[in-house]
Amino acid sequence: MDKKYLMETCKYCGNKGMLKIIGKHEQHVKDYDGDVPIFSMDTLWRLLECPVCKGILLHKSYSDDSMFDPYNNEYFSDESIVYPSSKYTFIHVPENIYKSYEAAVKTSKVDLSICLIAIRALLEKICRERGSKKKNLEAMLKEMVSKNILPETLDQCGFLIRKLGNSGAHGDDDIDLSQSDVAELLDFIETILYYIYELPVKIARINSKYNLKLDNRSASQERGEDII
């Protein structure tokens, strides 16, 4: 009998439970050497529906000839939710900040006003983690720019998050945000998280690998030297 439900965590609202399978598609691929099969792979795609927020997810189950467990004498598969997914992978974000980010994502399909407040609170937490002692978010963001922690463009993203987060906290009926608007704000905060915590690590890794001495660029510019 075909399964009707799959145990998964909804990427929209955070509900962990039995998600309904509303569609599926199987793919079978084999490579041959002449008439002899030499490699095969199987992929099962499932469309899932969350019973809480009604969000739609795409689940992928992949297996091939190389995925054999000799201890259990059986093949295993790689299971993952491929949609929705963040365009960034957060590895170096502090745990407390990442948990706040997850909380904001979970509320985005449940209550837009609460999500706005959560995004604003997350931005403030990022500023404090970066060492800001200012008393309000506007001053924090200005300090982040003056210290070159954030560029002007991302400061503008922060401004929108701050203003719209305030409207959510105060129940401002004059601003009627849609689901897509809130998704844009989540995209803004993801970009800020990536810029502050992930990008510097990647730059440092490449710098170390090729010994490009990026730390000397500012000194060279101050001396008026051309940088090629």
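Packing-based ranking of 45-54, 24-33, 184-193, 112-121 yields 112-121, 184-193, 45-54, 24-33, ordered from highest to lowest mean Cβ neighbour count within 10 Å. Extension gain, Lys24 to Asp65, is 12.5 nm, computed as 0.36 nm per intervening residue step minus the present C-alpha separation. On the protein heavy atoms, probe 1.4 angstrom, tell me the percent of accessible surface of the chain carried by carbon and sulfur. Ligands and nucleic acids excluded, carbon and sulfur reach 51 percent. Computed over protein heavy atoms with a 1.4 angstrom probe, the accessible surface ordering of Tyr62, Tyr210, largest first, is Tyr210, Tyr62.
Which angle from 0 to 90°, rounded to the nearest 10, does the C-alpha axis of helix 199-210 make with the longest principal axis of the chain? Roughly 80 degrees between the two axes.
Averaged per residue, the chain has 65 square angstrom of accessible surface, using a 1.4 angstrom probe with ligands and nucleic acids left out. The structure-derived value of semi-axes √(5λ) of the Cα gyration tensor in Å appears in the list (i) 30, 19, 16; (ii) 33, 24, 15; (iii) 41, 30, 14 under the label (iii). Per-residue Karplus couplings for segment 186-194, computed as 6.51 cos²θ - 1.76 cosθ + 1.60 with θ equal to phi - 60°, are listed in order as 5, 5, 4, 5, 5, 5, 5, 4, 5 Hz, Gly and Pro entered as x. Would you mind checking the pairs Lys30/Lys87; Lys87/Lys142; Lys125/Lys147; Lys11/Lys87; Lys163/Lys202; Lys16/Lys163 and listing those with alpha carbons more than 25 angstrom apart? Long pairs (Cα-Cα over 25 Å): Lys30/Lys87; Lys87/Lys142; Lys163/Lys202; Lys16/Lys163.
The values are calculated or read from the model by the stated rules, or taken from the named source; none is laboratory data. This is a predicted model, so every value here is computed, not measured. In this analysis, Cβ positions are derived from the backbone assuming ideal geometry, glycine residues included, and neighbour counts consider all displayed protein chains. These area figures cover heavy atoms from the full protein model, side chains too; ligands, DNA and RNA do not enter into them. Shrake-Rupley method; radii C 1.70, N 1.55, O 1.52, S 1.80 Å.
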